[in-house]
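> Got a structure for you, written out below as structure tokens; questions coming shortly.
Please treat every number below as a calculation from the coordinates, not as lab data. Worth saying up front: this structure is predicted, and the values here are computed from it rather than measured. Heads up, the Cβs are rebuilt from the backbone with ideal geometry, glycines too, and the neighbour counts pull from every protein chain shown.
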Amino acid sequence: MTAPTRIMAQVAMVMNLDKCIGCHTCSVTCKQAWTNRAGTEYVWFNNVETKPGQGYPRRYEDQERWRGGWELNRRGRLRLKSGGRLRKLAGIFASPVQPELADYYEPWTYDYRTLVDAPLGDDFPVARPKSLITGKDTKVTWSANWDDNLGGATQHGHLDPIVEKVRSEAEDKIRFELEKTFMFYLPRICEHCLNPSCMASCPSGAIYKRSEDGIVLVDQDRCRGWRQCITGCPYKKIYFNHKSGKAEKCTFCYPRVEVGLPTVCAETCVGRLRYIGVILYDADAVTAAAATPDDRQLHQAQLDLMLDPNDPQVIAAAQRAGIPDDWMVAARRSPVYALAKTYGVALPLHPEYRTMPMVWYVPPLSPVVDLLAEQGHDAEDTGTLFGAIDALRIPVEYLAELFTAGETSTVTAVLRKLAAMRSYMRGVTLGREPDASIPQSVG
Ligand code: SF4
Ligand code: SF4
């Protein structure tokens with residue numbers, strides 16, 4: 001390899017989605033620590049969304065929505081997008097192309113007395129999720145986790161190739177309608193991107209990426225409340241505090257990281273699925289990597305940015321750059337480097353947004369949907385998986401849309417590795433002779 005010209009260190013995170021149980025402990029502890037204040041009632045620096053689902057704020061993945069400041073009114077005439085109640089609360093001119101308060105949710109104050117004092121009633125809750133599919137009506141009831149636990153059943157177009165395999169008998173159709181329902185949890189924080197578009201879009205220069213650890217922060221003294229960062233962040237992970245008039249975001253718990261503690265979300269995670277680590281990268285290569293023409297190559301471009309902390313050229317460049325020895329030790333022990341690069345089982349979320357996100361995900365390995373036989377396969381049988389990768393309950397195509405810009409072969413390879421590892425470890429746990437062919441078969 002050629003020697004890196006400007007080496008930098010970055011703290012990053014891997015989340016293993018197979019282990020998330022959707023308990024929202026991470027969200028609540030983060031909120032208690034960071035956004036338990038006036039003006040941030042609707043803000044969740046950490047949120048856990050159900051996939052498939054609209055997310056938080058809803059439909060944030062619809063990137064067309066954030067481009068341009070104009071929309072058609074009911075008469076078909078162009079008008080400036082309003083920015084809704086958040087804009088009115090701020091009472092200032094600001095970027096109009098951003099989620100409205102209803103896209104996050106309208107906070108309320110919970111009366112804890114109702115837990116013990118509520119009178120008996122004969123009615124059931126009646127909130128109507130009437131716009132879950134279209135998402136057009138902003139007046140309907142909504143919340144950060146409104147689509148919690150709703151599986152992506154028949155309305156999900158990704159499943160069509162599998163549907164074609166179903167036999168025509170009515171009973172099989174009914175059975176398959178249930179079998180193909182799927183869901184999983186996707187915890188999200190700010191990605192602390194290598195190429196942060198929030199920073200690029202701030203007219204005040206208030207957003208900066210720390211040189212020592214890559215954490216992206218908002219300078220509260222310099223922020224003028226333009227909110228271009230909210231428009232500019234494709235993950236919608238910057239929020240507006242309508243009391244202070246400033247933008248706020250996840251800080252990767254930098255006061256804790258500085259004294260060697262993990263983030264609050266990682267420390268309190270019930271599933272123990274968050275791995276924090278340091279990676280080294282060539283800062284001068286980021287712009288070229290972000291301009292990779294083919295969306296499907298962006299995942300590889302991100303991996304290419306990660307430098308081997310054991311490479312003598314990298315070590316020499318790190319010393320010249322003044323990266324401390326203890327950070328080099330952390331980089332060599334980094335679970336992020338190991339899972340993303342060495343083992344190749346962690347993938348970035350929406351690399352096609354081109355911000356070079358630094359939160360990586362081990363995709364969920366779901367069971368095989370047994371289409372035509374009553375054999376009861378699961379994804380821990382590598383023989384089954386190798387023959388039935390198209391029949392996993394969570395379609396590979398759907399995972400590829402999230403993590404590889406639609407490129408399925410990378411996701412397939414990751415799932416095969418995970419299945420092989422499970423099969424191997426199951427054998428070890430049960431005292432079986434490990435199958436020596438498994439490591440070779442998955443590469
Ligand atoms: Fe900025 Fe958004 Fe990237 Fe966070 S996820 S660094 S807010 S562009
Ligand atoms: Fe998932 Fe951990 Fe958050 Fe619970 S605390 S929702 S297991 S990431």
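> How far apart, in nm, are the 7 Å Cα→Cβ label points at ALA321 and TYR110?
The two pseudo-label positions are separated by 4.4 nm.
> So, counting K/R as plus one and D/E as minus one, what does the shell of residues with Cβ under 13 Å around GLY277 add up to?
In short, +3.
> If you don't mind, there's one more thing I want to ask. Just round it to a whole percent: the fraction of Cα-Cα distances in region 192-298 exceeding 19 Å. Write out the running numbers ahead of the final one.
On the way: 3057 of 5671 pairs.
Considering region 192-298, 54 percent of its Cα-Cα pairs are separated by more than 19 Å.
> In the structure shown, do any of LYS51/LYS246; LYS19/LYS51; LYS209/LYS249; LYS19/LYS237; LYS31/LYS209; LYS51/LYS236 have a Cα-Cα gap over 20 Å, and if so which? Numbers along the way, then the final one.
Numbers: LYS51/LYS246 31 Å; LYS19/LYS51 15 Å; LYS209/LYS249 13 Å; LYS19/LYS237 23 Å; LYS31/LYS209 23 Å; LYS51/LYS236 17 Å.
Correct reply: LYS51/LYS246; LYS19/LYS237; LYS31/LYS209.
> Between ARG333 and ASP304, what is 0.36 nm times their sequence separation minus the Cα-Cα distance? Round to one decimal in nm. Please list the in-between numbers first.
Values: separation 29, 0.36 × 29 = 10.44 nm, distance 1.87 nm.
Using 0.36 nm per residue and subtracting the Cα-Cα distance, I get 8.6 nm.
> Sticking with this one: Quote the Stokes-Einstein diffusion coefficient, in whole µm² s⁻¹, for region 1-71, based on the Kirkwood radius over alpha carbon pairs, a temperature of 25 °C and a viscosity of 0.890 mPa s.
Details: Rh = 16.0 Å.
Value of D from the Cα-based Kirkwood radius: 154 µm²/s.
> Above 16 Å lies some portion of the pair distances; for region 285-327, what is it as a whole percent of all C-alpha pairs?
On the way: 429 of 903 pairs.
Counting pairs separated by more than 16 Å, the tail of P(r) holds 48 percent.
> Mind putting together the pair-distance distribution for region 314-375? All Cα pairs, 10 Å bins, whole percent per bin, short to long.
17, 29, 29, 13, 6, 4, 0
> By how many nm would the segment from SER244 to GLU61 grow when fully extended, if each residue of separation counts as 0.36 nm and the alpha-carbon distance is taken off? Walk me through the numbers on the way to the answer.
On the way: separation 183, 0.36 × 183 = 65.88 nm, distance 2.75 nm.
Gain in length upon complete extension: 63.1 nm.
> Counting C-alpha atoms alone, how compact is region 383-428: give Rg to one decimal and Dmax as a whole number, in angstrom.
Cα-based Rg and Dmax for region 383-428 come out at 11.2, 36 Å.
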